[in-house]
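Notes follow once the structure below has been shown.
Each value in this text was obtained by applying a stated rule to the coordinates, not by laboratory testing. Just so you know, these numbers come straight off a predicted model, no measurement behind them. Here the Cβ positions follow ideal geometry from the backbone for every residue, glycine too, while neighbour counts run over all protein chains shown.
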Amino acid sequence: MGKDKKLEEKLEEEISKLEQKAEELLKNRKKNLQLLEKNLSELEKVITEIKNYQELQKEFLSNPIYRQVIEEIKYFLREISPVTIFKIMAGLGNSGQAEVDEFGKDEEFVEKIQPFIDFLYDRYWRVEVEGVENIPYEGPGILVANHAGVLPFDSFMITEAVKRNHPFGRMPRFLIEEWFLTRPFIGVALQRYGIARGSQDNALRLLKKGELIGLFPEGMKGIFKIYSDRYKLQRFGRGGAIRVAIKGKAPIIPVAVVGSEEIYPVITHWDFVARILGLPFFPVTPTFPFLGLAGLIPLPSKWIIRFGEPIPLNELPPETVENEIIINTLNEELRSTIQEMLLDILKNRRTIFFG
């Protein structure tokens, strides 16, 4: 009998615990229902506010006076105000919550600076494009171009040329000197636009994803060349572009850009100033540094971008990268191809500013 009594007490204790848990669950369920009801009520208010906003927006846009105001604002934005330029250079206009890829590209930022790119492309440099049909419709590819302009404006203009004229609107990912990407303000803007640090690893990672990338084998030597040396291609390093093409199994598309080498006509370099400021070069142009910040405004030269026929280096065996003679030969042939393209365009150019 004693054992039965203990068992009965234990059962009653367990039943009591279960009843308490059931009461707690019912209370929690009641709280959850109340919270859900509150959220639904808030959601209903938000929906009502959105509907009211849409009605006001509709009324606003239907008024001819307001429509005229909007057109004037659009015109102002198309012409680009100094405040807009400052925000772009500072890498502003992003809430910091937008998703970016592993290299820092921010699609929201790309969209926001598009008016500035359009202004430069259509109105300021009046870019003409030739040979875009030579760019692969899909898969990896490497655009190799001459480099100039002190600041990497050529990256933006070549990218825009491909976006606008390629049948599938491909957007190249340019790789440039790390020095630019580490500069305050401008480095952030470049990364958000999709420009990455120039390295073989980064190039191969992008090619593996089937991206179209852009390289400037002249490097710093190209962007700071003296005006008298414009359109004379500097040495293409040690064949980095050739090696990337072979390893990444991607064809090379040579690109010739005419117009970029006149936007900042470099007269000389002040090396002593460069050493004081910790810069690789300190270029001196007819307007900079004598006109201060106004001297940073590039000249409105006429640009022509030509894409040459693909060079199928992706068909070479991987072991070719170890053969220095072949790499150097191919590297020099690529340089000569782009040089010939530049000379051909220059032959038919009448003036710097009107093409």
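Go through the range 327-341 residue by residue and turn each phi into a ³J(HN,Hα) via Karplus (6.51, -1.76, 1.60, θ = phi - 60°); whole Hz please, and just put x for glycine and proline.
Result, rounded to whole Hz: 4, 5, 5, 5, 4, 5, 5, 5, 4, 5, 4, 5, 4, 5, 4.
Could you compute the net charge surrounding LEU25? Neighbours are other residues with a C-beta less than 13 Å from the C-beta of LEU25; K and R count +1, D and E count -1. Can you show the working numbers first?
On the way: positive: LYS17, LYS21, LYS27, ARG29, LYS30, LYS31; negative: GLU19, GLU23, GLU24.
Combined, the nearby Lys, Arg, Asp and Glu give +3.
Could you derive backbone 3J(HN,Hα) for the range 342-355 from the dihedral phi with the Karplus parameters 6.51, -1.76 and 1.60 (θ = phi - 60°), listing whole Hz in sequence and x where the residue is Gly or Pro?
4, 5, 5, 5, 4, 4, 9, 8, 7, 9, 5, 8, 10, x
Whole-Hz Karplus ³J(HN,Hα) for the range 261-275, in order, using 6.51 cos²θ - 1.76 cosθ + 1.60 and θ = phi - 60°, x for Gly and Pro?
8, 10, 6, 10, x, 7, 7, 7, 10, 9, 5, 5, 5, 4, 5
Simple spin-label model, 7 Å along Cα-to-Cβ: MET220 to ASP118 in nm?
In this crude spin-label approximation the distance works out to 3.8 nm.
Please list, in chain and number order, the residues 5+ apart from ILE311 or on another chain whose amide H is under 5 Å from its amide H, with Hs placed from the backbone.
ILE252, ILE253
For a paramagnetic label modelled at 7 Å from the Cα of THR320 toward its Cβ, which residues of the range 246-265 fall within the zone defined by backbone nitrogen distances under 20 Å?
Answer for the range 246-265: 246-255.
Using modelled backbone amide H atoms (1.01 Å from N, in-plane), which distant-in-sequence or interchain residues come within less than 5 Å of ARG173's amide H?
Counting only residues 5 or more places away or on other chains, the set is LEU212, ILE213, GLY214.
With respect to the cross-link table entries LYS163/LYS209; LYS225/LYS302; LYS221/LYS247; LYS163/LYS208, which display a Cα-Cα separation exceeding 27 Å?
Over 27 Å Cα-Cα: none of the listed pairs.
So what's the net charge close to LYS302: Lys and Arg +1, Asp and Glu -1, counting the other residues with Cβ under 13 Å from its Cβ?
Residues near LYS302 contribute 0 overall.
Between the DSSP loop rule and a limit of at most 16 other Cβ atoms within 10 Å, which trypsin sites (Lys or Arg not before Pro) in the range 264-355 are left?
Details: sites: ARG275, LYS302, ARG306, ARG335, LYS347, ARG349, ARG350; in loops: LYS302, ARG349, ARG350.
Within the range 264-355, the qualifying trypsin sites (Lys or Arg not before Pro) (loop, at most 16 other Cβ atoms within 10 Å) are ARG349, ARG350.
Write down the percent of antiparallel bridges among all DSSP beta bridges whose residues are both part of the range 168-325, to the nearest 5.
Here the share of antiparallel DSSP bridges comes out near 65 percent.
To the nearest 0.05, how large is the calculated FRET efficiency for PHE168 and ASN28 if R₀ is 51 Å and r is the Cβ-Cβ distance?
0.40
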